[in-house]
Amino acid sequence: MNAHQSRNRTRERLLALEPETPALRAEYERSLAAMLEVPLSKTRRVSLAVVLVGAVASGGLLAALLLTESAAPARTRIAFGVGVAFALAWAIYSARILYRGTYRRKTDSTTAAGMAFGFTIVTAVGFALVMGRRLDPFLMFGFLFVLPAAVILLRTAVEQSELRTHERILELEYRLARLSETLGGGAAASRGGGSGPRPLP
């Protein structure tokens, strides 16, 4: 254990010994919840509805092709199955957020970015396996979609880092408020204890 970790644990133990006001804790938890989970805006609600409809439609089409095209090559049927799985994942993702009515900034954005990047990689690799050395320009064009997906993933990582920073700032403000309340209570008690009448000699 290094010195930084030791100082952090010591600070946590000292903070745990401080008295905690339920109202202050409740205010901190409300602020944290308001930062991490926000109500769906109209734009985001419409976007999720479009994604849900598109995922259901594409998943139904791919499932129908998978069931009816039994003579298709094995690679094609595998591609249909992977497409159905991704469509189902996007449908569940969108429906869950729409049903919940709120957007969880810590998990929902990370999940969407990961699914988009994974879908792009799988699609590009699938085209490469199916086409082999044929249609090289088209394969290069397909792999170009990996770049924007990687940018989205990187942007999401930066947003998550900023969110963690804001979360730490909020926690620091809460700890300072606890410390200020503790010191204020101690000073008031000291004044109250010393303000009584002195005994006569």
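What follows draws every value from the coordinates through simple rules; no lab data is involved. For clarity, every value in this text was computed on a predicted model and none was experimentally measured. We place every Cβ from the backbone using ideal geometry, glycine too, and count neighbours over all the protein chains shown.
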Exercise. Report the extension gain between Arg168 and Thr111 in nm, rounded to one decimal, defined as 0.36 nm multiplied by the number of residues separating them, less their alpha carbon distance.
Key: 18.3 nm
Quiz prompt | Spin-label pair Val146/Glu27, simplified geometry with 7 Å Cα→Cβ offset, distance in nm | solution = 5.2 nm
Quiz item: For the residue pair Leu98 and Val53, what label-to-label distance in nm results when each label sits 7 Å from Cα along the Cα-to-beta-carbon direction?
Solution: 0.9 nm
Exercise. Return Ser41, Ser109, Ser94 ranked ascending by Cβ neighbour count within 10 Å, so the fewest neighbours appear first.
Key: Ser41, Ser109, Ser94
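If R₀ is 30 angstrom, what is the calculated FRET efficiency for the pair Ala63 and Leu40, using the beta carbon separation as r and rounding to 0.05? All intermediate terms of the calculation are to be shown ahead of the outcome.
Details: r = 29 Å, r/R0 = 0.95.
Once the sixth-power term is evaluated, E becomes 0.55.
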Practice problem: Ratio to report: Rg/Rh of the range 40-103, with Cα atoms as the point set and Rh obtained by the Kirkwood method; give two decimals. | Solution: 1.14
Quiz item: Which loop GluC sites (Glu not before Pro) in the range 21-121, with loop taken from DSSP, have no more than 15 other Cβ atoms within 10 angstrom of their Cβ?
Solution: Glu69
